[in-house]
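Below is one structure, written out as structure tokens; comments come after it.
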Amino acid sequence: MPDPHHNTDAAPSPSGGSGPAPKPAEAAEIRSRALKLLTTREHSRYELWRKLHRRGYPAEDVNAVLDQLAAEGLLSEERMLAAYVAERLEKGFGPLRIRAELQAKGLPDSAIDPHLDLQDGQCLALIARVDAAKFGEGPPNDRQTLAKRARFLEYRGFPARLIARALKLA
């Protein structure tokens, strides 16, 4: 699969060679679909590329349109990262899960790291909020409940060492 992050390498066309520049009508159609997707929420370049390419648009045409949208500031992975991380933290997801979701969206760790730079205190406060919302305020009353709470927090994407501290295991 062609790399949607490299805008200088056009993917080969289905016929085997590099295809011609996109026809203005097709470029306008690709742009329109991309803008429609961007109006619903921010997308990473890879997400948009994949969605548009799946619709049958040639990779090199999609890359050209995405380059143009990025140059115009309409496609911004920085904006997407900030919005996505804030939304997922608000919903009670931890940094490990958020990182995995962003990696699946084609974003490199170097772009993700600045947005997930949570201090232990911030993460512990988030763990406490999520745990209290799911299980109530009291401490775990037996080992089975303790294990259930720990598994839930781990599923939500919190580091095991902080889960242990939050549940007073460490």
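The values are calculated or read from the model by the stated rules, or taken from the named source; none is laboratory data. Values in this document were obtained by computation on a predicted structure and should not be read as measured data. We place every Cβ from the backbone using ideal geometry, glycine too, and count neighbours over all the protein chains shown.
Is there a residue in region 72-86 that is out of contact with any Asp or Glu (no Cβ under 9 Å at 6 or more places or on another chain) and closer than 27 Å to ARG151 by Cα? For region 72-86, residues out of contact with any Asp or Glu (no Cβ under 9 Å at 6 or more places or on another chain) and closer than 27 Å to ARG151 by Cα: present. For ASP67, state whether it is among the charged types (D, E, K, R), in contact with a Gly (Cβ under 8 Å, 6 or more places away or on another chain) and either within 26 Å of ALA104 (Cβ to Cβ) or at pLDDT 95 or above (or both). Spelling it out, it is not the case that ASP67 is among the charged types (D, E, K, R), in contact with a Gly (Cβ under 8 Å, 6 or more places away or on another chain) and either within 26 Å of ALA104 (Cβ to Cβ) or at pLDDT 95 or above (or both).
Could you check region 114-152 and list, in sequence order, the residues that are assigned to a helix (DSSP H, G or I), surrounded by fewer than 11 Cβ atoms within 10 Å (Cβ to Cβ) and not aliphatic (A, V, I, L, M)?
GLY121, ARG143, GLN144, listed by residue number.
When ARG156, ARG88, ARG165 are checked against the criterion of being touching a residue at least 60 places away in the same chain (Cβ under 8 Å) and surrounded by 12 or more Cβ atoms within 10 Å (Cβ to Cβ), a single residue qualifies: ARG156. Please verify whether LEU107 is in contact (Cβ under 8 Å) with a residue 40 or more places away in the chain and either touching a strand residue (DSSP E or B) at 6+ places or on another chain (Cβ under 9 Å) or closer than 30 Å to LYS36 by Cβ (or both), treating the condition exactly as stated. Against the criterion (in contact (Cβ under 8 Å) with a residue 40 or more places away in the chain and either touching a strand residue (DSSP E or B) at 6+ places or on another chain (Cβ under 9 Å) or closer than 30 Å to LYS36 by Cβ (or both)), LEU107 qualifies. Do we have any residue at all in region 53-61 that's over 29 Å from GLY121 (Cα atoms), aliphatic (A, V, I, L, M) and surrounded by fewer than 18 Cβ atoms within 10 Å (Cβ to Cβ)? Checking region 53-61: not a single residue is over 29 Å from GLY121 (Cα atoms), aliphatic (A, V, I, L, M) and surrounded by fewer than 18 Cβ atoms within 10 Å (Cβ to Cβ).
For every residue, the table says whether it meets (1) at pLDDT 95 or above; (2) assigned to a helix (DSSP H, G or I); (3) within 23 Å of HIS115 (Cα to Cα).
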| site | (1), (2), (3) |
| --- | --- |
| HIS53 | no, yes, no |
| TYR57 | no, no, no |
| VAL85 | yes, yes, yes |
| LEU89 | yes, yes, yes |
| PHE93 | yes, no, yes |
| ARG97 | yes, yes, yes |
| ALA100 | yes, yes, yes |
